[in-house]
Amino acid sequence: MAPTTPQQRRRKPNNWFTKLTDWKIEDLFKRKRPPPVQRTIYVNENLPEDAYEKGKVKTSWVYPTNQVVTSKYTVITFLPKNLLEQFRRIAN
């Protein structure tokens, strides 16, 4: 039901304006998404049967690795990065 009187129309807040006026600095630090579902880690055990579909592990059971790569070069980027570093010093 749409507002009919001018007073009711004035009371209807603008969406962007209310978002702007209601915004607080604490909103930057709030957790935006719920925490992930707890997972069970199987060490030296096979995954349960419900983790497999058609012989492959379901995507819901695949998590990103905790691997951190700290190397500067790879086999593919060694030559371009090395040359860039060498000629960068000449320009100084």
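The numbers here are math on the coordinates, done by the rules we state, and not lab data. Everything numeric in this text was worked out from a predicted model, so none of it was measured. Don't worry about glycine lacking a Cβ; one is built from the backbone with ideal geometry, like all the others, and counts go over all protein chains shown.
Per-structure values
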| read-out | value |
| --- | --- |
| In the range 33-92, chymotrypsin sites (Phe, Trp or Tyr not before Pro) in a DSSP loop with at most 14 other beta-carbon atoms within 10 Å | TYR42, TYR73 |
| Nearby lysines by direct alpha-carbon distance to LYS24 (threshold 25 angstrom, same-chain neighbours under 8 apart not counted) | LYS12, LYS32 |
| Options ILE41, VAL62, TYR52, ranked by Cα towards positive dipole end of the range 23-62, top entry (Cβ charges) | VAL62 |
| Assigned charges on the beta-carbon of Lys, Arg, Asp, Glu; the range 18-92 dipole about Cα centre (debye) | 400 debye |
| The range 18-24 - phi-based ³J(HN,Hα) in whole Hz, Karplus 6.51/-1.76/1.60, Gly and Pro as x | 5, 5, 5, 6, 7, 6, 10 |
| Point-to-point label distance, TYR73-ASN15, nm (Cα→Cβ direction, 7 Å offset) | 5.4 nm |
| Cross-link reach list, aspartates and glutamates versus LYS30, counting only Cα pairs under 12 Å and skipping chain neighbours closer than eight places | none |
